[in-house]
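The values are calculated or read from the model by the stated rules, or taken from the named source; none is laboratory data. Predicted, not measured: the structure shown is a model, and the values here were computed from it. With ideal geometry, Cβ positions are generated from the backbone for all residues, glycine too; neighbour counts draw on all protein chains shown. For accessibility, only protein heavy atoms count, side chains too; no ligands or nucleic acids. Shrake-Rupley method; radii C 1.70, N 1.55, O 1.52, S 1.80 Å.
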Amino acid sequence: MASPDLLFNLRNLFYLGAYQAAINNSDVPGLDADAAAERDAIVFRSYVALGSYQLVISEIDSSAATSLQAVKLLALYLSGDKESAIASLKEWLSDSAVGSNPVLRLIAGIIFMHEQDYTEALKHTHSGGTLDLHALNVQIFIKMHRSDYAEKQLKIMQQIDEDHTLTQLANAWLDIAVGGSKIREAYLIFQDFAEKYPMTGMVLNGKAVCCMHMGSFDEAETLLLEALNKDAKDPETLANLIVCNLHLGKPSSRYLSQLKLSHPDHVLVKRAVSAEVNFERALQAVA
């Protein structure tokens, strides 16, 4: 008889974006050494997701497990020390003793995806081995506009565990990327999450994006405002509100200002700034 998965609830909280809840519920009794290391990695990744980079950097020392060292590199990278983090990451990946560690490979994929170096990311993630790695592959292939390859990764995940939260999430991501009649299926996946688990900004944004694709902008706005109440600085919520308000004919400048202040590197901010620069140039050209 299989032993119970003591980290099931903790993983689900993390996957669905309930990061503070994951941290608050991380005191799980009866864990062996491997499970305790996985628990610690989830907790520190939750802190990273909440933007507490310095806490992660200061608490993980050089004697920590490889998986935790990998999370520390992600915190370093996201805190702005990108060159140092990537140099250390490449050094670790080339070390035969630790280079195959699945969490290290996952963090490598996340960092290189941030760098938009998808080929380098896939070099470390494509062989899979864990649902986390296959789910990241789905994300990378969607970014590359290769939904055919993303679908192959999803099928592998479905063979491993069709009902797993990550498999369902990856299914929803792919449905949204494919569009058309698949949007409704994605909406139902997020609706199922909303009924089973605590409502998170991630789930609310997922439902809202589906609503916008289906033309239900009023419902999308309601969902996004609920998400904004949970986290007023969440970049995806702000970006989706900007798009939603444009479709509703409502002002969106306040949300764009918030996004510029809190996440100046967001793709929507870069596009808006680029458009403003081009507009100014056009004005000067005809002046």
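Output the qualifying pairs, or none if there are none: Cβ atoms under 6 angstrom, residues six or more apart or on different chains, first residue in the range 215-227 and within 19 Å of residue 180 (Cβ to Cβ) and in contact (Cβ under 8 Å) with a residue 24 or more places away in the chain, second residue open to solvent by less than 40 Å² (accessible area, probe 1.4 Å) and of a type outside the set (Phe, Trp, Tyr).
Here the result reads 217/244; 220/208; 220/211; 220/212; 220/244, each pair linking the range 215-227 to a residue that is open to solvent by less than 40 Å² (accessible area, probe 1.4 Å) and of a type outside the set (Phe, Trp, Tyr).
Go through the range 110-131 and count every residue that is surrounded by 15 or more Cβ atoms within 10 Å (Cβ to Cβ) and either among the hydroxyl-bearing types (Ser, Thr, Tyr) or in contact (Cβ under 8 Å) with a residue 40 or more places away in the chain (or both).
The total comes to 3.
Of the conditions (1) open to solvent by 40 Å² or more (accessible area, probe 1.4 Å); (2) free of Cβ contacts under 8 Å to residues at least 12 places away in the same chain; (3) farther than 30 Å from residue 207 by Cβ, residue 8 satisfies every one except a single condition; which number is it?
With respect to (1) open to solvent by 40 Å² or more (accessible area, probe 1.4 Å); (2) free of Cβ contacts under 8 Å to residues at least 12 places away in the same chain; (3) farther than 30 Å from residue 207 by Cβ, residue 8 is out only on (3).
Report yes if residue 256 is in a helix (DSSP H, G or I), at pLDDT below 90 and hydrophobic (A, V, I, L, M, F, W, C), otherwise no. First the steps, then the outcome.
On the way: in a helix (DSSP H, G or I): yes; at pLDDT below 90: yes; hydrophobic (A, V, I, L, M, F, W, C): yes.
For residue 256, the condition - in a helix (DSSP H, G or I), at pLDDT below 90 and hydrophobic (A, V, I, L, M, F, W, C) - is met.
Which residue pairs have Cβ atoms under 6 Å apart, sit 6 or more places apart or on different chains, and have a first residue in the range 87-109 that is under 19 Å from residue 129 (Cα atoms) and assigned to a helix (DSSP H, G or I) and a second that is open to solvent by 40 Å² or more (accessible area, probe 1.4 Å) and modelled with pLDDT under 90?
Matching pairs, first to second residue: 102/129.
If I ask for residues that are β-branched (Val, Ile, Thr) and closer than 15 Å to residue 151 by Cβ, which ones from the range 164-211 would you list?
Taking the range 164-211 as the starting set, the residues that turn out to be β-branched (Val, Ile, Thr) are 165, 167, 176, 178, 183, 189, 200, 203, 209.
Within the range 164-211, 167, 176, 178 qualify.
Would you say residue 233 is open to solvent by 60 Å² or more (accessible area, probe 1.4 Å) and either farther than 26 Å from residue 20 by Cα or in contact (Cβ under 8 Å) with a residue 24 or more places away in the chain (or both)?
Details: open to solvent by 60 Å² or more (accessible area, probe 1.4 Å): yes; either farther than 26 Å from residue 20 by Cα or in contact (Cβ under 8 Å) with a residue 24 or more places away in the chain (or both): yes.
For residue 233, the condition - open to solvent by 60 Å² or more (accessible area, probe 1.4 Å) and either farther than 26 Å from residue 20 by Cα or in contact (Cβ under 8 Å) with a residue 24 or more places away in the chain (or both) - is met.
Tell me, which residue of the range 1-13 that is within 21 Å of the chain's Cα centre (by Cα) and aliphatic (A, V, I, L, M) is farthest from residue 74 (Cα to Cα)? It would help to see each step written out before you state the result.
Restricting attention to the range 1-13, the residues satisfying the condition of being within 21 Å of the chain's Cα centre (by Cα) are 7-13.
The next check asks that each one be aliphatic (A, V, I, L, M); those that pass are 7, 10, 13.
Numbers: 7: 22, 10: 20, 13: 20 Å.
Applying the filter and picking the extreme gives 7.
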